[in-house]
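Encoded as structure tokens, the structure appears first; notes follow it.
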Amino acid sequence: MSPVFDNIDLFVDGFLTSLEIILYALAGSVPLGVLIAACRVSPIPPLRAFGTFWVTTFRNTPLTVVLFFCAFGLPELGINRSFFFFGVLGLVLYTSAFVCEAVRSGINSVPAGQAEAARSLGLNFTQGLRFVVIPQALRTVVPPLGSVLIAMMKNSAVAGAFGVGGDLWSTGQRLTSALGYATFPIFVGGVAVGYLIITLTAGALLQVLERKVAIAR
Amino acid sequence: MSQQQTVLYDAQGPRARRRTLIGTVVAALVLLGLAYLVYRRLDEQGQFTMEKWGPLIDPGNEVFDSVWRLIGTGVVNTLKAAAVAMVLSIVLGTLIAVARLSLGRAGRIPLIGLIEIFRGLPVVVLVFIGVRVLPDIGLDMRNLPGGQVFWGLVLGLTVYNMVIFAEIVRAGVASLPRGQREAALATGLTTWQTMRIVLLPQAFRTMLPAIISQLIVVLKDTSLVTFIANYDELLSQGESIQRNLGNPIQTFFVVALIYIAINYALGRLAQYIERRQGRAGRAAEETAENTGLVPVGGAPVGGGA
């Protein structure tokens, strides 16, 4: 255990960098996913086709391939940014497809009668959405969206493995390969514990939230 | 199709149809414009030259054969690792689920802890532990057929996915009508026989779509080993091809297409089975619709990389 405590400040730094990646990815993927979901449920065929294309592409490609594309492909096109940028970008693109599907299944889970009743009461499209459909959809969306986002937090390690540098994963890598620490204490005692702190906390928060919004339908 | 599915709008009248038409034209123009911008960018940077594409699409090219042989081995290795990991995690996952369902509270708590821990770790960390940490602490797998890296990868994937399967199996068994178990016990079967002969077979039937969806996750996760060690699966092969030929966009495009083709086909298979089961069990389908619950198939997006 002592290799972890000897380098505890490195681990804390790594932990914070991982959190930073996660926050950026959260801020990017949720709005993007909602936008794509809006495309997929819209009445306009080209937008629907675009949404389907997006989801099919990113859901069926490994995150690693998306990251390789971002980091090796984009510079070929004259887009040069840091690995941190590419890592977060890949994570955002990949996660947005899953966010989209979670949101869409939530919207589709609202019984058609709800929207019909809203219309027959004289609510227009926006009012129907705002007061009837979305509040119900949100509740169904919480559990799957939560697990998608927790998966994203774990995937931040992949972005780290990619060379973002300084996050939990890379800290473990550096300590074991460059500084020659034994792999077992560093990865099991340090890196794994760091990710568990993130995911278990997020999982607990999600459960509280789920209980808050739970409805018996 | 989606006209019927969505709750957001009715069948459209003339005015709405006209608006949709205008929207269609505008959206199509915008999307085409974006596609054109991407195309022009690619073209300006010389990404459409035969020099970059030739090795991948021109059978006359001198390296065409070796490039595709590399990709072929990559696909085979990816499928091999995914298949072995899948079988192991289904078997172990089922055992964990059965143990969790039949043990008392004292036995269940450590199992739940195990499930939570393995589910909370990134797969890439588990694969690293399998490939690098296990040999360091004395678990030598070099002499097994396939070698150290293969089994390390398989173990990492298995540990992550077996607990997800344990949850899927548990949900599958829990979704069966209570009468099944009661009837089986009443006919004199033991608890274990009830599980094996009556509950698990039925649970597996409903779980089939979820199992296939998880297979997609496993397939994608095999590519994580690229970061950790040399195991020539599809992505690593693509990486070495592009390093030699200097055509990352083209190579990764082909690699991505292969992943998408395999996974899309699997996804459609899962959907097909789900629909067929839905028709077989009307009642189940109706409850699923009314409650808005996704059947087990859609529930836990294991969500690996």
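The values are calculated or read from the model by the stated rules, or taken from the named source; none is laboratory data. Note that this is a predicted model, so its numbers are computed, not measured. Positions of Cβ are generated from backbone atoms using ideal geometry, with glycine treated the same way; all protein chains shown enter the neighbour counts.
Observations on the model:
- Of everything in region A:1-26 that is under 16 Å from A:Val92 (Cβ atoms) and not hydrophobic (A, V, I, L, M, F, W, C), the residue that is surrounded by the fewest Cβ atoms within 10 Å (Cβ to Cβ) is A:Glu20.
- The residues on offer are B:Leu111, B:Leu34, B:Leu29, and the sole one that is within 30 Å of A:Thr199 (Cβ to Cβ) and either over 31 Å from the mean Cα position of the chain (by Cα) or in a helix (DSSP H, G or I) (or both) is B:Leu111.
- Neighbours by Cβ (under 8 Å, 6+ apart or cross-chain): first from region B:60-87, over 28 Å from B:Val159 (Cα atoms); second among the small types (Gly, Ala, Ser): B:Asn61/B:Gly54; B:Phe64/B:Gly54; B:Leu70/B:Ser240
- With respect to (1) among the hydroxyl-bearing types (Ser, Thr, Tyr); (2) surrounded by 14 or more Cβ atoms within 10 Å (Cβ to Cβ); (3) more than 7 Å from chain B (Cβ to nearest Cβ), the lone exception for A:Ser120 is condition (2).
- Within region A:123-167, restricting attention to residues that are β-branched (Val, Ile, Thr), without any contact (Cβ under 8 Å) to a residue 40 or more places away in the chain and under 25 Å from A:Val92 (Cα atoms), the residue that is surrounded by the fewest Cβ atoms within 10 Å (Cβ to Cβ) is A:Ile134.
- Residues of region B:205-233 satisfying the condition of being facing chain A (nearest Cβ under 9 Å), of a type in the set (A, V, I, L, M) and either touching a residue at least 60 places away in the same chain (Cβ under 8 Å) or on the phi > 0 side of the Ramachandran plot (or both): B:Leu219, B:Leu224, B:Ile228
- Highlighted here are the helices (runs of 4 or more DSSP H) found entirely within region B:118-213 that include at least 2 residues which are touching a Gly at 6+ places or on another chain (Cβ under 8 Å): B:123-128, B:147-174.
- Answer from A:Val132, A:Val142 - the residue that is under 24 Å from A:Leu47 (Cβ atoms) and either assigned to a helix (DSSP H, G or I) or modelled with pLDDT of 90 or more (or both): A:Val132
- Taken over region A:176-207, the criterion of being of a type in the set (A, V, I, L, M), surrounded by 21 or more Cβ atoms within 10 Å (Cβ to Cβ) and more than 30 Å from A:Pro144 (Cα to Cα) is satisfied by A:Ile186 alone.
- Boolean, A:Gly172 is under 21 Å from A:Gly14 (Cα atoms) and more than 10 Å from chain B (Cβ to nearest Cβ): no
- For region B:235-245, filtering for residues that are more than 9 Å from every other protein chain (Cβ to nearest Cβ) and either within 29 Å of B:Val159 (Cα to Cα) or in a loop (DSSP other than H, G, I, E, B) (or both) leaves 3.
- Residue, modelled with the highest pLDDT, within region A:1-42, restricted to residues that are polar (S, T, N, Q) and farther than 15 Å from A:Val158 by Cα: A:Ser29
- Taken over region A:69-100, the criterion of being without any contact (Cβ under 8 Å) to a residue 40 or more places away in the chain and facing chain B (nearest Cβ under 7 Å) is satisfied by A:Phe69, A:Phe72, A:Gly73, A:Glu76, A:Leu77, A:Gly78.
- Out of B:Ser223, B:Ser213, B:Ser240, sole residue that is closer than 16 Å to B:Thr78 by Cα and either crowded, with 23+ Cβ neighbours inside 10 Å or touching a His at 6+ places or on another chain (Cβ under 8 Å) (or both): B:Ser223
- Here region A:161-217 is the region considered, the condition is being touching a Gly at 6+ places or on another chain (Cβ under 7 Å) and not in a helix (DSSP H, G or I), and the residue that is modelled with the lowest pLDDT is A:Arg217.
- Put simply, of B:Arg170, B:Arg181 the only residue that is free of Cβ contacts under 8 Å to residues at least 40 places away in the same chain and among the basic types (Lys, Arg) is B:Arg181.
- For region A:27-85, the candidate set comprises residues that are within 24 Å of B:Gln45 (Cβ to Cβ) and β-branched (Val, Ile, Thr); within that set, the residue that is surrounded by the fewest Cβ atoms within 10 Å (Cβ to Cβ) is A:Ile79.
- Checking A:Phe50 against (1) within 8 Å of chain B (Cβ to nearest Cβ); (2) in a helix (DSSP H, G or I); (3) under 27 Å from A:Gly166 (Cα atoms), the condition it does not meet: (3)
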